[in-house]
Amino acid sequence: MSKFTPDNKLDLFFSADLISPNVKSQLHPDVHIRPLALTDYHRDHLAVLSVLTVVTDPGEAAWQEQFHVMRAAPQTYYPIVIVDKQSDKIVGVGNVFIERKFLRGLGSVGHIEDIAVDKNQQGKKLGLRIIEALTYISENIGCYKTILNCSDANIPFYEKCGYQKKENEMAKYA
Ligand code: ACO
């Protein structure tokens, strides 16, 4: 029996109306795309993120505190997840962070961050759908561009998602 929790039973980070209907319709019926929910700590959110980088489990209370702190910044973070309906577990994640500027007529830029797909689910176009959904959010909010940083190995993936290499990234780790 499916353990799937529908959107109307969840405390979602932002309105599900911002999820692209086109992306929804192209997803396999076994999976569902939606905003991150307050109870997603229990749906393997951190396990999926650990596919990307080092993840330290802060415990549920601290995870939920971070959720609330991020959500308190209005129209800034748009974290999304793809859930496997059978298990009700997360299989893909991503976020677009909206940066407001003084230039370009008080324009905004969407920064795509923290994309990860469960190792067993890679190669099924879930990553592509996550990028399409985040780009849709960014463009609907009115961002004049959407950008991201990635490794050389991931350039072909982002090109498949319609992105082009532009300029360089600089970093200084503390
Ligand atoms: N090299 C070449 N092509 C690739 C690669 C790659 N590394 N990854 C995917 N593709 C291609 C696929 O073959 C597919 O092509 P097709 O349309 O011709 O069939 C297309 O890109 C779409 O691929 P998806 O199936 O949607 O990719 P997937 O669901 O596996 O997700 C992702 C890709 C997110 C990179 C996944 O492999 C992953 O989680 N990797 C580990 C974490 C990671 O590197 N995340 C990105 C960090 S960058 C950031 O967060 C901004």
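We did not get these values from a lab; they are worked out from the coordinates using the rules stated. Note that the structure is predicted; figures quoted are calculated from it, not measured. Cβ: placed from backbone, ideal geometry, glycine included. Neighbour counts: every protein chain shown.
Look at the dipole of the chain built from charges on Cβ: of F4, N140, A153, the Cα furthest out on the positive end belongs to N140. Each Lys and Arg adds +1 at its Cβ and each Asp and Glu adds -1 at its Cβ; summed about the Cα centre, the stretch 55-174 shows a dipole of about 420 debye. Helix 60-72 and the longest principal axis of the C-alpha atoms of the chain enclose an angle of approximately 40°. Put simply, the Cα atoms of the stretch 55-161 extend 45, 37, 25 Å along their principal axes, the longest span coming first. Using only the C-alpha atoms, the convex hull of the stretch 1-87 corresponds to 118 Å³ per residue.
For the stretch 76-129, the fraction of alpha-carbon pairs lying more than 15 Å apart is 55 percent, rounded to a whole number.
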